[in-house]
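The values are calculated or read from the model by the stated rules, or taken from the named source; none is laboratory data. Just so you know, these numbers come straight off a predicted model, no measurement behind them. Accessible surface areas use protein heavy atoms only, side chains included; no ligands, DNA or RNA. Shrake-Rupley method; radii C 1.70, N 1.55, O 1.52, S 1.80 Å.
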Amino acid sequence: MKKAGLTFLGITLLLVLQSTARADDLAYIVTASDQFGTIDINTGVFTQLGNMGQLLSGLGSASGNVYGGVESGSTLYQVNVNNGTLTAVGTGSTNYFVTGSTTSGLYAVNSAFQLYSINPTTGATTL
């Protein structure tokens, strides 16, 4: 009986720790109609927070901020996550076909399918 109790306690502790180690259930998203908001990863429910007024090529994060490049443009914008308003950061040397990020940085792919790293402070791009 004591072994069963310890096993139950171990499984319960594992489940509690696993749930606290999970990633966020919400992600920022931009739609083809310039809407900005969050999407619940579990349910797929979109909650609009604002309208960007411009079509972004995607979203990426760096240094705790969210960024995007206007599709086919070369200007990087910082996104206000409360309402989707855009603030220009700077202009890079390529057009933004796709924008995104990894844990190591902010990136763009241009219309020639070349990969660029993006400096989130200046908007400068490097092939």
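With the convex hull built on the Cα atoms of segment 49-127, state its orientation-averaged projected area in nm².
In nm², the orientation-averaged hull projection of segment 49-127 is 4.5.
Would you mind classifying segment 49-94 by shape? Square roots of the alpha carbon gyration tensor eigenvalues, ordered a ≥ b ≥ c; an a/c under 1.5 is rounded, otherwise it is prolate if a/b is larger than b/c and oblate if not. In terms of gyration-tensor shape, oblate. Translational D (Stokes-Einstein, µm²/s) of segment 88-127 at 37 °C and 0.692 mPa s when Rh comes from the Kirkwood sum over C-alpha pairs? Roughly 331 µm²/s, to the nearest whole number. In the context of the full set of protein chains, segment 28-109 has a per residue accessible area of 49 Å² (1.4 Å probe). Here segment 26-84 exposes an accessible surface that is 47 percent carbon and sulfur, computed with a 1.4 Å probe and the other protein chains kept in place.
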